[in-house]
Structures are given as C-alpha cells and as structure tokens.
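Enquirer: Here you go, one structure.
Please treat every number below as a calculation from the coordinates, not as lab data. Model, not experiment: these values are computed from the prediction. Every residue, glycine as well, gets a Cβ built from its backbone with ideal geometry; the counts of neighbours run over all protein chains shown.
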Amino acid sequence: MSAYIDEGDAVSTAVPPIVDRLLLLGDQAARIEDERSQLKSVLRQLLGTGKYGVGRHKVYITPTRRFDQETARKVLPPELLKPCIREMVDSHLAREHLSPELYAACQIEVGEPSVRIT
C-alpha cells in the first residue's frame, strides 16, 4: 500500500527536506566508503601484512579469516568434528520449500523498520 502526503499540512512541509537530505547523505556516504576502500587497498599494496607505526598511529593489516566448514570436515577427525555439528533450520532451504505465506509466518520483525527511498 502506498500513502501520499497531502499538500499543505505540517508533514508535507517537513518530510521532503528530510528525504532530500537522506538521499544526499547516502550519496556522500557511498563516495566516502568508496574512497576509504581505495585508500585501504593502497595501504595493503604499499605495506603488506603487518603492524606499522605511522606517525602517532598504528596501522594493522591482517588477513581476514573465517571458519570454513568444508576445511573443518577435511582437517578434523570424526571425534572432534561430531561435537561441532548441530542440526538447524536453514532459511535459504525454507524459502525454497515453503510457500511465501508459510515462510512469512515463520518470520519475526527485528530492529527498526527499514527506510527505502526510490
């Protein structure tokens, strides 16, 4: 359902500048995040992995690591692997096998409602 704001009320004068500001900040944030990513890439190329004193700052460049299930299955013997395994409902599998209505019935609301501007 879409709702339209009536012209002339207090909300109609307050909301457009908020929407405009959100769009502007989103654009600025994207450009800032892009520049941050580029600068981090330059530091990785110039310095490599390690800990560096740069002026009054310390720069840490460390590999990003995550636990990999397939590697664990190859590395761990069965007696150590078994206590690390648990059965759980997988949302991706549920979406594939359940109707949209039943899938929606299994959802809960979390956090603040999202705001999307198009």
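Enquirer: In terms of Cα to Cα distance under 29 Å, which lysines are near enough to residue 40, apart from those fewer than 8 places away along the same chain?
Expert: Within the straight-line limit of under 29 Å, residue 40 reaches these lysines: 51, 58.
Enquirer: Would you mind estimating how fast region 67-109 diffuses translationally, via Stokes-Einstein at 20 °C and 1.002 mPa s with the Kirkwood radius over Cα pairs, in µm²/s?
Expert: Numbers: Rh = 12.8 Å.
The diffusion coefficient I find is 167 µm²/s.
Enquirer: Let me ask something additional. Between rounded, prolate and oblate, where does the chain land on the alpha carbon gyration tensor, with a ≥ b ≥ c its root eigenvalues, rounded for a/c under 1.5, else prolate if a/b exceeds b/c?
Expert: Numbers: a/c = 3.82, a/b = 1.21, b/c = 3.17.
Oblate shape, in that a/c is at least 1.5 and b/c is the bigger or equal ratio.
Enquirer: If neighbour count is taken as other Cβ atoms inside 10 Å, put 32, 108 in order from fewest to most.
Expert: Details: 32 11, 108 4.
Neighbour counts put them in this order, fewest first: 108, 32.
Enquirer: Counting each DSSP H run of 4 or more residues in the chain as -39500 (n - 2.57), what helix-only mean residue ellipticity at 222 nm follows after dividing by all residues, to the nearest 500 deg cm²/dmol? Could the numbers behind the result be given before it?
Expert: Working: 5 runs with 62 residues, N = 118.
The per-residue figure over the chain is -16500 deg cm²/dmol.
Enquirer: Report, ordered by chain and residue number, the lysines lying within cross-link reach of residue 82, taken as a straight Cα distance under 19 Å and ignoring same-chain residues fewer than 8 apart.
Expert: Excluding near neighbours in sequence, the set is 74.
Enquirer: Could you give the C-alpha radius of gyration of region 25-83 expressed as a fraction of 2.2 N^0.38 Å, taking N as the number of residues it contains?
Expert: Working: Rg = 18.8 Å, N = 59, 2.2 N^0.38 = 10.4 Å.
Normalised Cα radius of gyration, region 25-83: 1.81.
Enquirer: List the trypsin sites (Lys or Arg not before Pro) in region 44-106 that DSSP assigns to loop (not H, G, I, E or B) and whose Cβ has at most 15 other Cβ atoms within 10 Å. Which are they? Numbers along the way, then the final one.
Expert: Details: sites: 44, 51, 56, 58, 65, 66, 73, 74, 86, 95; in loops: 56, 65, 66, 86.
When the trypsin sites (Lys or Arg not before Pro) of region 44-106 are filtered for loop state and at most 15 Cβ neighbours within 10 Å, 56, 65, 66, 86 remain.
Enquirer: For Cα pairs less than 8 Å apart in space and 6+ apart in sequence, what is the mean separation divided by the residue count of region 1-93, i.e. the relative contact order in percent? Don't jump to the answer; show the numbers that get you there.
Expert: Working: 23 pairs, mean separation 9.4, N = 93.
Once divided by the residue count of region 1-93, the mean separation gives 10 percent.
Enquirer: DSSP loop GluC sites (Glu not before Pro) in region 34-97 with at most 12 other Cβ atoms within 10 Å of their Cβ, which ones?
Expert: On the way: sites: 35, 70, 79, 87, 96; in loops: 87.
Here the sparse-neighbourhood loop sites are 87.
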